[in-house]
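What follows is a single structure, written as structure tokens, with notes after it.
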Amino acid sequence: MSRLNEDNVRIALETIARYPKARSAMIPLLHLAQQQDGYVTNEAMAHIGELVGATSAEVFGTATFYEMFKFKPVGKYLINICATMSCALMGAEQLMHHAERRLGIKAGATTPDGLFTLEHAECQAACTEAPTLQANYRYRFHVTPATFDALIDDLANGRLDAEIPPHGTVARIRQRIPADRVVGPRSPDDVTTAPEWMAVAPTASGGGQ
Amino acid sequence: MTVTTYSHTPGFYTGDRPQIVTSRFQYEDSYTLDRYLATDGYKGLRAALALSPTEVHDEVTKATVLGRGGAGFPAGVKWGLTPQAVWPRYLVVNGDESEPGTYKDRLLMERDPHQLIEGCLIACYAAGLSQCFLYIRGEMALAQERVAIALNEAYAAGYIGTCILGSKFSVDIVLHWGAGAYVVGEETALIESLEGNRGLPRLKPPFFPAAIGLYGKPTIVNNVETLANLAWLLRHGADEYTKIGTATSPGTRMVAVSGHVKRPGVFEIVNGTTTFRDLIYNEEFCGGIRDDHELKAFVPGGGSAPWFTPDQLDLPFEGRLVGAAGSMLGSGAIMVMDHTTDIPAAALTLARFYANESCGKCTPCREGGTWLMRILQRVVAGFGTHRDLDQLFEVGQTICPGAFPHAASERLGLEAVPFPYKMTTICFVGPSAYVPVHSALTLFRDEFEAKIVKRTFIPVTAIPVTGSAVTALPATADSVEAVGVGQ
């Protein structure tokens with residue numbers, strides 16, 4: 001189950017076909033693997049390597065650079081509490097202390113029931129709504145101990161399943177390019193002339209600029 | 001004076017001000033194609049297609065649309081930097097917004113994705129870019145979904161793809177997600193990431209993206225807000241655009257003001273004229289400091305910008321003036337600190353950010369950023385020495401040799417040191433790590449000294465800013481002894 005399954009291979013091939021070079025699809029494919037298994041497995045990385053023409057070591061090299069990719073199982077819900085300046089000024093530290101007490105774990109750990117992983121996060125681009133957190137990358141603004149507890153209860157009881165998918169799924173909607181509309185990528189080495197619409201209005205210098 | 005807010009866009013406030021990029025925020029369904037078309041949507045694209053690519057390019061150049069990502073480079077000029085007769089050329093949209101304090105591109109993507117798409121199409125048409133990659137920060141799930149829906153709608157309706165609106169103009173826009181790395185907001189790192197690699201910046205020269213970018217081909221990297229301006233610009237023309245704002249900074253700008261103000265928010269302001277005092281104190285914007293406290297300091301342009309104090313309140317939000325005053329506008333983010341703020345601890349939250357986010361390629365940043373964080377942790381925890389404070393400057397000198405920009409201070413009798421700085425690293429993450437440390441230590445050295453003399457926390461601290469630093473560091477024999485001897 002750790003290699004990409006049949007459906008996901010189809011999505012992977014669709015994704016790869018959008019890029020002039022297959023390797024560009026590596027990060028989207030890593031997200032796909034994480035969506036399938038909740039984290040990125042070694043087998044999935046090897047599989048991605050086969051699909052994009054890279055070694056599994058190269059895939060691992062890329063994957064480990066990015067904080068969102070996990071290589072061990074994490075909780076069903078990843079709770080990221082922002083700790084950067086604007087949130088810190090508005091009490092992110094107290095919020096983290098509260099979260100640690102409420103969940104009974106330290107930042108970086110997972111609850112024994114496998115439901116929650118708690119992490120410090122850097123700026124989440126919602127600075128005016130501080131302090132903020134993300135649960136599986138869904139925002140919560142102006143978080144207080146009370147709203148934090150309510151969020152944890154709601155998540156544990158499945159009341160937010162419609163809004164917050166399990167860890168691994170980020171965007172639930174994928175881009176679809178209709179076959180009759182797609183231009184399609186061309187290898188950068190195969191293109192030597194200006195695109196058609198630029199040729200309509202050549203400039204004196206001939207460069208299309 | 002009216003202040004309007006919308007429950008579907010928390011944090012966004014508008015009033016009696018011109019709106020170029022946020023005009024649809026008032027509609028709850030602003031992100032749908034139906035709403036977009038009902039509010040002049042894709043008319044800018046139609047206007048562009050009625051002109052030649054060169055004419056569109058000239059219009060954008062004439063309007064001086066300054067880049068809204070940080071560097072402030074005019075978009076029209078940037079498009080013209082591609083080498084003659086080298087094809088293909090690509091557009092990469094920088095939606096990897098993660099500068100501390102910044103919060104505008106996410107709103108523009110969530111609330112008006114079609115406006116961004118239209119801007120991408122106009123840029124591709126004008127500059128002959130044959131494929132567009134829309135790189136959205138990995139953590140922004142809602143923005144990714146809204147942009148994906150918008151792209152699907154626009155493809156189906158014939159606005160993207162082959163022979164757009166029956167013309168010879170054909171371009172694909174590919175949605176691409178990141179996966180959590182601040183440095184990828186740097187344009188060459190963004191390109192590396194898009195090629196499926198670790199997001200390490202490339203050395204400029206030779207890797208100026210306009211010349212050698214994605215797959216080694218000319219590539220334009222534009223910020224989301226920059227592109228979001230283009231639809232309005234093409235609809236109304238450069239003459240109308242330059243009527244708003246100043247001659248050097250036309251149009252509007254999105255600015256996020258966060259921290260200790262009464263009403264933190266995101267505002268679309270007239271470029272170049274609004275002062276920091278307006279933004280922080282005016283009822284139209286933030287309405288003053290919370291609980292009527294005193295202003296102590298503020299960051300004028302995102303975490304990478306040197307700090308200002310009340311001395312600089314009357315400066316307008318204009319790139320050149322702010323640069324001469326020792327800071328930068330960056331990505332339009334103001335973070336406000338009131339008089340209860342523990343300045344060293346506040347600086348530490350940013351120093352930790354940069355230490356965490358260093359990609360590790362350049363030694364001065366990888367090692368220096370971490371040193372700055374650790375020394376600062378020691379000082380904040382009450383175990384620092386006077387030597388530590390000097391050491392912070394010494395570490396900074398290895399990242400940025402020579403004079404480092406800072407604001408003037410009447411209290412300290414300091415003259416401003418203007419932008420820019422010299423740097424020993426490839427990209428700006430390294431110097432940015434030094435910025436909060438240098439600013440805080442230069443402008444508020446007494447607070448650092450106080451932590452050393454007393455070996456305790458400053459009692460006025462209303463909110464201890466960071467926890468990890470306070471508890472993570474054991475008192476080592478060395479540091480305690482050094483303090484004992486020194487004092």
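The values are calculated or read from the model by the stated rules, or taken from the named source; none is laboratory data. Being a predicted model, the structure only gives us computed values, none of them experimental. Ideal geometry is used to build each Cβ from the backbone, glycine not excepted, and the neighbour counts take in all protein chains shown. For accessibility, only protein heavy atoms count, side chains too; no ligands or nucleic acids. Shrake-Rupley method; radii C 1.70, N 1.55, O 1.52, S 1.80 Å.
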Residues in region B:6-23 that are open to solvent by 10 Å² or more (accessible area, probe 1.4 Å) and assigned to a loop (DSSP other than H, G, I, E, B) total 10
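Here is a yes/no grid of residues against (1) open to solvent by 20 Å² or more (accessible area, probe 1.4 Å); (2) closer than 25 Å to B:L321 by Cα; (3) of a type in the set (G, A, S); (4) touching a strand residue (DSSP E or B) at 6+ places or on another chain (Cβ under 9 Å):
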| position | (1), (2), (3), (4) |
| --- | --- |
| B:T398 | yes, no, no, no |
| B:F428 | yes, yes, no, no |
| B:R445 | yes, no, no, no |
| B:F448 | no, no, no, no |
In region A:40-76, how many are within 13 Å of chain B (Cβ to nearest Cβ) and within 22 Å of A:Y139 (Cα to Cα)? 5
Give me a count of the residues in region B:210-235 that are within 14 Å of chain A (Cβ to nearest Cβ) and not acidic (D, E). 13
Could you please give the count of residues in region A:30-55 that are open to solvent by less than 40 Å² (accessible area, probe 1.4 Å) and free of Cβ contacts under 8 Å to residues at least 12 places away in the same chain? 1
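Specify which of the listed residues (A:A150, A:A130, A:A109, A:A125) is more than 23 Å from A:A171 (Cα to Cα), without any contact (Cβ under 8 Å) to a residue 60 or more places away in the chain, crowded, with 19+ Cβ neighbours inside 10 Å and not polar (S, T, N, Q).
Values: A:A150 fails: crowded, with 19+ Cβ neighbours inside 10 Å; A:A109 fails: crowded, with 19+ Cβ neighbours inside 10 Å; A:A125 fails: more than 23 Å from A:A171 (Cα to Cα).
After ruling out the rest, the residue left standing is A:A130.
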The correct count of residues that are assigned to a helix (DSSP H, G or I) and open to solvent by less than 10 Å² (accessible area, probe 1.4 Å) in region B:337-364 is 11
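Would you point out which residue out of A:R181, A:R172, A:R176, A:R159 is more than 8 Å from chain B (Cβ to nearest Cβ), without any contact (Cβ under 8 Å) to a residue 60 or more places away in the chain and either under 28 Å from A:E93 (Cβ atoms) or in a loop (DSSP other than H, G, I, E, B) (or both)? Show your work before the answer.
Working: A:R181 fails: more than 8 Å from chain B (Cβ to nearest Cβ); A:R172 fails: more than 8 Å from chain B (Cβ to nearest Cβ); A:R176 fails: more than 8 Å from chain B (Cβ to nearest Cβ).
Testing whether each residue is more than 8 Å from chain B (Cβ to nearest Cβ), without any contact (Cβ under 8 Å) to a residue 60 or more places away in the chain and either under 28 Å from A:E93 (Cβ atoms) or in a loop (DSSP other than H, G, I, E, B) (or both) leaves just A:R159.
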Qualifying residue in region B:153-170 (condition: open to solvent by 10 Å² or more (accessible area, probe 1.4 Å), touching a residue at least 60 places away in the same chain (Cβ under 8 Å), aliphatic (A, V, I, L, M) and under 20 Å from B:D96 (Cα atoms)): no
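Would you point out which residue out of B:L321, B:L348 is in the same structural domain as B:F448 (by TED's automatic domain parsing) and more than 16 Å from the chain's Cα centre (by Cα)?
Numbers: B:L321 fails: in the same structural domain as B:F448 (by TED's automatic domain parsing).
Sole residue among the options that is in the same structural domain as B:F448 (by TED's automatic domain parsing) and more than 16 Å from the chain's Cα centre (by Cα): B:L348.
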